[in-house]
Amino acid sequence: MAIQDYTPVDTPPRAPSPLHRFGTLAVHAGSPHDPVTGAVIESISLSTTFAQSAVGQPMGDYEYTRSSNPNRDNFERSIAALEKAKYALAFSSGSATTATILQSLAQGSHVVSVSDVYGGTHRYFTKVASAHGVRVSFTPSIEADLAELITPETKLIWIETPSNPTLSLVDIQAVADIAHRSGIMVVVDNTFLSPYVQTPLVHGADIVVQSVTKYINGHSDVLMGVAAFNSDAIYERLKFLQNAIGAVPSPFDCWLAHRGLKTLHLRAREASKNGAMVAQTLEDSPYVLAVNYPGLDSHKQRKIALKQHRDGLGGGMLSFRIQGGKAAAERFCQATQIFTLAESLGGVESLVELPASMTHMGIPREQREIAGVFDDLVRISCGVEDGVDLVADVRQALKQAVVASKLTNGFSNGHGNGNVHA
Ligand SMILES: *Cc1c(COP(=O)(O)O)cnc(C)c1O
C-alpha cells in the first residue's frame, strides 16, 4: 500500500508525497489501516492517558492527549500532505490558531496586516495582541505599502486572500518577496478557498492557517483550526505553544474533520461551479449593482486568481450589492428558500448573510464603507446543492426583494428581521 507507506506512523518529519494528486491524498494521507483489526477507518481514540511499561517509557507514541493523540496526528498528517507542508498543527478553533501564532512573537514585535481581515482576527490584533506588547499596522493595499510599513521590529505579515466579504485578492508571492528580503515571516489565512483551490506555501508563504470549521470540515458541525508550514524552527515553537497553551481539538472533532477532509476536492469543485453560476446570474441581473467574485472576468484582480487558484477557480464565496438599499438586502436574505440566513461558510448547505448587520457589525460604518462593506452588500456561501436550483432561488429572491420593494414602496421598513443575529 504505497499511498499509506509514505505517511509513517512515527513522529515527524513528515515529508509530503511527491507521487500522488490531491484527491488521492485527501482520501489516503494520514489514514492507515488499523494494524491489529484491519479496520479501514481509524477508531476514535478517547483515552486521555497512555500506559507506560517502565517509568518514562510509554508503550507507544503517546503519553497524554493534550500533547498528542492518534486522531489529531492523523488529521495533521493529512493536512500537511494537502497544503504541501512538512508539518501541520491542529487547534481548537481557527481563532486559537491565530492566537497561538501571535503569541509566538516576542514582546515589542510589529505585525503588518491587510485591512479587511476576518472580524475575530481584527479583534485579536487590536484588543489582545497589544496587551502582550505586539503592535499591528493595517493596510488596504499591502503589495504597494508593505516596504514602507516595515520597521526593524516587523516580524510577521498577515494576509487573507480572498478577503471577507469583498473577495479582493492579494498576490502572495509579491508580498513574500518583499517580506523575505527583511527576514519577515508571511502568514496566509486560506479559509475562504481551502487547500484544494489555493496552496499558499507554494506561492512563498511561511505559514498557512485555516478555520477548519469552514471548508475543511465542510459540514457545519465542528469548530477547529489548523496551521501548516515547512520550517523546523516554526514547528518547535508552535508545537511547544500548542501543548503549553492547550487550545487543542478533541479526538472526536479531529475524527469528524478528517472524515470531512476526505471529500474536500469534490465539495470545493462543486461549490466553485455553483459560485460561478450564481455570480454570473447576479452579474446579468438588472436588480444587482455590483458583484464580487474572483471567478468572473470582471473581477479587478482576476489575473491573481488565474495565477494563484487551481484552474483559476473562484471558490464558493461571493458578495453583491443589491438595488434598493439595506431594506432590499434584508428582504433578499429572507426571500431565499434554499439559502439559509446564517453566519459562517464553507458547509455543504448554501448560506446568505448581511455583513454590515451581522458578521461585520462591529466595524464602524466609515471604516466599513472604505472597505466596500455597504449596507446593501449581501454575502453568499454556495454549498453543493444542484446549481440550477440555486440560480432559480437567487432569481426569485431578487425579484421579490427588489420588485416587491417598488410595489409596496412606503410600507417596507426592513423591520421584519428580528432573527438577524440568530
Ligand atoms: C471563521 C474564520 C476564522 C475563525 O475561525 P473559528 O474556527 O471560527 O475560530 C478565521 N478566519 C476566517 C477567514 C474565517 O472565516
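The values are calculated or read from the model by the stated rules, or taken from the named source; none is laboratory data. In this text the structure is predicted, and so the values were computed from the model without any measurement. When we count neighbours, we look across all protein chains shown, and the Cβ atoms used for this are built from the backbone with ideal geometry, even at glycine. These area figures cover heavy atoms from the full protein model, side chains too; ligands, DNA and RNA do not enter into them. Shrake-Rupley method; radii C 1.70, N 1.55, O 1.52, S 1.80 Å.
Below is a table of values for the structure above.
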{"read-out": "Out of VAL114, VAL36, sole residue that is away from the ligand (no atom under 16 Å from the Cβ) and of a type in the set (Val, Ile, Thr)", "value": "VAL36"}
{"read-out": "Positions within segment 343-358 being touching a Ser or Thr at 6+ places or on another chain (Cβ under 9 Å) and in contact (Cβ under 8 Å) with a residue 60 or more places away in the chain, in sequence order", "value": "SER344, LEU345, GLY346, GLY347, VAL348, GLU349, SER350, PRO355"}
{"read-out": "Qualifying helices (runs of 4 or more DSSP H) (wholly inside segment 126-214; at least 2 residues being surrounded by fewer than 24 Cβ atoms within 10 Å (Cβ to Cβ) and more than 12 Å from the ligand (Cβ to nearest atom))", "value": "142-149, 172-181"}
{"read-out": "In segment 332-349, the residues that are away from the ligand (no atom under 16 Å from the Cβ) and surrounded by 24 or more Cβ atoms within 10 Å (Cβ to Cβ)", "value": "PHE332, CYS333, PHE339"}
{"read-out": "Output for segment 380-394, where each listed residue is free of Cβ contacts under 8 Å to residues at least 40 places away in the same chain and either of a type in the set (Lys, Arg) or crowded, with 23+ Cβ neighbours inside 10 Å (or both)", "value": "none"}
{"read-out": "Cβ-Cβ under 7 Å pairs, at least 6 apart or on other chains, segment 49-68 side in contact (Cβ under 8 Å) with a residue 24 or more places away in the chain, far side open to solvent by 90 Å² or more (accessible area, probe 1.4 Å) and in a loop (DSSP other than H, G, I, E, B)", "value": "ASP61/THR11"}
{"read-out": "Some residue of segment 348-365 being more than 23 Å from the chain's Cα centre (by Cα) and either more than 24 Å from PRO140 (Cβ to Cβ) or modelled with pLDDT under 95 (or both)", "value": "yes"}
{"read-out": "Selected residue (criterion: most open to solvent (accessible area, probe 1.4 Å)) from residues of segment 360-379 that are of a type outside the set (Val, Ile, Thr) and in contact with a helix residue (DSSP H, G or I) (Cβ under 9 Å, 6 or more places away or on another chain)", "value": "MET361"}
{"read-out": "Close pairs (8 angstrom Cβ cut-off, 6 or more residues apart or separate chains): closer than 25 Å to ILE380 by Cβ and among the acidic types (Asp, Glu) in segment 153-181, within 12 Å of the ligand (Cβ to nearest atom) and in a helix (DSSP H, G or I) anywhere", "value": "GLU160/THR121"}
{"read-out": "So ALA397, is it in contact with a strand residue (DSSP E or B) (Cβ under 9 Å, 6 or more places away or on another chain), under 14 Å from ARG331 (Cβ atoms), away from the ligand (no atom under 16 Å from the Cβ) and open to solvent by less than 20 Å² (accessible area, probe 1.4 Å)", "value": "yes"}
